[in-house]
Amino acid sequence: MRVELPKIYPITDVRIAGRSHLDQVKLLIDNGAAFIQLREKDLSPKQFLADAIEAVDYAHRKNVKIIINDRVDIAKIAGADGVHLGQDDLPPEAARKLLGERAIIGFSTHSSEQALAALNLPVDYIAIGPVFSTLTKKDAETTVGLEGLAEVKRVAGGLPLVGIGGIDLGNYSDVLTHGADSAAMISALYSDHGNLKIFFGINKSTPRQR
């Protein structure tokens, strides 16, 4: 399945945004987002499932795709459009069997070797990172930098590539020019007051600061 990624790939985070997943999804959609990942590291699985069901239902009524971070079970029960997996999560082969051929499956990599290995997996896109240092992930890998990103692009072939880790409005254009098809953002999306700082536009126009 060929997945069309936005220039900026928004990822929700309740702790950082100070808003529920549903509130973040509503805010992101109101500002032009059409592809969103739900990420949750603190809530119980039961609460995250309830939040995911609400967010997916709302997004689908707006014709927006929702991807769930890590949790294939929650993605399946909530009816999400797919899942984003890490190196230590359920293998993509198993996720594909559970979610079906139409599901979007993303896969995190942290080196050109991991990216090359991912070419043989049933995934629709890969992420590489952290590109820059980040405080969002407590156990983040060593940064790959822009040159590492460019190297991964060389080995990834035509597989869509997402840059992730420490990306903001000041450096996302560099991430795109070094080979990423999309730049994932979490903390850079929000102001200190939980307001969205980015307007995503429509028809894949270049995102801009509000």
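Values in this text are rule-based calculations from the coordinates and carry no lab data. Model, not experiment: these values are computed from the prediction. Here the Cβ is made from the backbone with ideal geometry for all residues, glycine too, and neighbour counts use every protein chain on show.
Can you tell me which of Leu149, Leu98, Leu159 moves the most in a GNM of the chain? Springs connect C-alpha atoms under 10 Å apart.
Leu98
Can you show me the helix-derived [θ] at 222 nm for the chain, built from DSSP H runs with n ≥ 4 at -39,500 (n - 2.57) apiece and divided by the number of residues, rounded to the nearest 500.
-9500 deg cm²/dmol
List the residue ranges in the chain for DSSP H helices whose C-alpha atoms run 20 angstrom or more along the long axis and whose Kyte-Doolittle average is -1.0 or above.
Once both thresholds are applied, what remains is 45-61.
Among Tyr58, Tyr9, which comes first, second and so on when ranked by fewest other beta-carbon atoms within 10 Å?
Ranked by crowding around the Cβ, least crowded first: Tyr58, Tyr9.
To the nearest 20 Debye, how big is the dipole of the chain about its Cα centre, given +1 on the beta carbon of each Lys and Arg and -1 on that of each Asp and Glu?
Rounded to the nearest 20 debye, it is 580 debye.
What full-extension length gain, to one decimal in nm, is calculated for Ser191 and Asn120 as 0.36 nm per residue of separation minus the Cα-Cα distance?
Here the segment from Ser191 to Asn120 would lengthen by 21.6 nm.
Which aspartates and glutamates have a Cα lying under 13 Å from the Cα of Lys97, excluding residues fewer than 8 positions away in the same chain?
Correct list for Lys97: Asp73.
Return P(r) of the stretch 8-197 (all Cα-Cα pairs; 10 Å bins starting at 0; whole %; ordered from short to long distances).
Taking every Cα pair in the stretch 8-197, the percentages come to 10, 38, 39, 13, 0.
Rank Gly166, Thr142, Val64 by how far each Cα sits towards the positive end of the charge dipole of the chain (+1 on Lys, Arg Cβ; -1 on Asp, Glu Cβ) and give me just the farthest.
Comparing the listed Cα positions along the dipole, Val64 ranks first.
Considering only C-alpha atoms, what is the centroid distance from the stretch 164-196 to the stretch 13-43, in Å?
After rounding, the separation between the Cα centres reads 15 Å.
Between Arg15 and Asp174, how many nm apart are label points set 7 Å from Cα along the C-beta direction?
About 2.7 nm separates the two model spin labels.
Using a 10 Å cut-off around each Cβ, can you sort Phe200, Phe132 from fewest to most neighbouring Cβ atoms?
Phe132, Phe200
Based on the Cα coordinates of the stretch 56-138, what is the per residue volume of their convex hull in Å³?
Per-residue hull volume (Cα only) is 111 Å³.
In debye, nearest 20, what is the charge dipole magnitude of the stretch 1-80 about its Cα centre with +1 on Lys and Arg Cβ and -1 on Asp and Glu Cβ, if you could check?
For the stretch 1-80, the charge dipole is close to 180 debye.
Measure off 7 Å from each Cα along the Cα-to-Cβ vector at Arg2 and Glu141, then give the distance between these two points in nanometres to one decimal.
2.8 nm
Mind scanning Lys62/Lys153; Lys76/Lys197; Lys46/Lys153; Lys7/Lys46; Lys7/Lys76; Lys26/Lys153 and naming the pairs with a C-alpha gap bigger than 29 Å?
Violating the 29 Å Cα-Cα cut-off are Lys62/Lys153; Lys76/Lys197; Lys46/Lys153; Lys7/Lys46; Lys26/Lys153.
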